[in-house]
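All remarks here apply to the structure that follows.
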Amino acid sequence: GDSRVGQRNSSDLVAYKGVNDLPPARDLIIHIDSKNEAILLPIQGAMVPFHVAMIKSVSSQQDNNRTCYIRIIFNVPGTPFNPHDANTLKYQNSIFVKEFSFRSKDPRHSSEVVQQIKNLRRQVALRESEKAERAT
Amino acid sequence: MTDGHLFNNILLGGRGGSNPGQLKVHSEGIMWKKQGGGKAIEVDKADITGVTWMKVPRTHQLGIRIKEGISYKFTGFRDPDVGSLTTFFQSSFGITPEEKQLSVSGHNWGEIDLNGNMLSFMVGPKQAFEISLADVAQTQLQGKNDVSLEFHVDDTLGASEKDSLVEISFHIPNSNTQFVGDENRP
């Protein structure tokens, strides 16, 4: 009973098709795979992929001890100003991952991560909106 | 103990990164020893409540769940190891390993599965990630629909772990019925 048939949304986007498409986990650090538009997050000893289109925002913060905190926030239902994401309507009965916070000892790495995610997110959003425009 | 199987270069995964070591699976249980000494894990077969296999990039991961709800993850098995160990678990432990699949779609919506001390986030029938609740320092309800889990901060973590997870939060919409009446506390 989905009345929004025809509307493209990010559930069409998948990071990887199969397990073997994932890059091998080298170190357990946040890794950006631009080619597959994915970020890989170290969660309890495993690298977990998320498609960048699911991400709403990313930021980092540094405390006095040069420890950085990287915060990644995902799209969830009820997020205002978010016309591109119909997932949150379509999957209302699901539970959503809303946020991950990581602590990092390396300020350079943290700012790189944030910058790379932002860039990738921008690219994907631009491409998706162009696609949506062409489709109409 | 001449029976059983011996595997070198098996990683024990956990929140502190992963450590290579040697895993011995024998008729009485399993034993893992960290390479170069130090940490060792021994599990008696009577304490094992479940065994899982999961295909992960380039290799296989063995999950061993024990009585107290704790589970261990060992990574680094080749294709033929899966078959031979599966047979061994069946004949020696009387346990048939379950096969789990890893979600690689990169989606952030799904379901939460609670089993003992493990919280699994499932995207469709596949598992995206697992969290050991033993590592959670506190849970908080934020607003009406968000639950956050804060992890213990361990300052003794090795250099192998550069980025460590300190917090995760889940959004549970009103329309979700899984945790109704359970004070939304996974």
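Counting only DSSP beta bridges with both residues in the protein assembly as shown, what percent are antiparallel, rounded to the nearest 5?
Around 95 percent of the beta bridges assigned by DSSP in the protein assembly as shown are antiparallel ones.
Would you mind telling me the antiparallel percentage of the DSSP bridges in the stretch B:89-140, rounded to 5?
Percentage antiparallel, nearest 5: 90.
Which value, in debye to the nearest 20, describes the size of the charge dipole of the protein assembly as shown about its Cα centre when Lys and Arg Cβ atoms bear +1, Asp and Glu Cβ atoms bear -1, and nothing else is charged?
Roughly 820 debye, rounded to the nearest 20.
What is the gain in length, in nm to one decimal, between A:ASP21 and A:GLN92 on full extension, counting 0.36 nm per residue of separation less the C-alpha to C-alpha distance?
Value of the extension gain: 22.7 nm.
When A:ARG71, B:ARG78 are ordered from fewest to most other Cβ atoms inside 10 Å of their Cβ, what list results?
Ordered by Cβ neighbours within 10 Å, fewest first: B:ARG78, A:ARG71.
Could you work out the local net charge near B:ASP79, counting Lys and Arg as +1, Asp and Glu as -1, over the other residues with Cβ closer than 12 Å to its Cβ?
+2
Nearest 5 percent is fine: what portion of the DSSP beta bridges confined to chain B is antiparallel?
95 percent
For a distance above 15 Å, tell me the whole-number percent of Cα pairs in the stretch B:5-99 that qualify.
Percentage above 15 Å: 57.
Around B:GLY69, with a cut-off of 14 angstrom between Cβ atoms, what is the net charge of the other residues, counting Lys and Arg +1 and Asp and Glu -1?
-3
Per residue and in cubic angstrom, what volume does the convex hull of the Cα atoms of the protein assembly as shown have?
153 Å³
Taking the Cα-to-Cβ direction at A:ALA135 and at B:LEU141 and moving 7 Å from each Cα, how far apart do the two end points lie in nm?
3.8 nm
What is the fewest-to-most order of A:ARG108, B:ARG58 by other Cβ atoms lying within 10 Å of their Cβ?
The order, fewest Cβ neighbours first, is A:ARG108, B:ARG58.
For the pair B:GLU98 and A:GLN115, how long in nm is the line joining their label points, each one 7 Å along Cα→Cβ?
That separation, rounded to one decimal, is 4.5 nm.
Read-outs throughout are calculated quantities, based only on the coordinates presented, and are distinct from any laboratory measurement. Values in this document were obtained by computation on a predicted structure and should not be read as measured data. Here the Cβ is made from the backbone with ideal geometry for all residues, glycine too, and neighbour counts use every protein chain on show.
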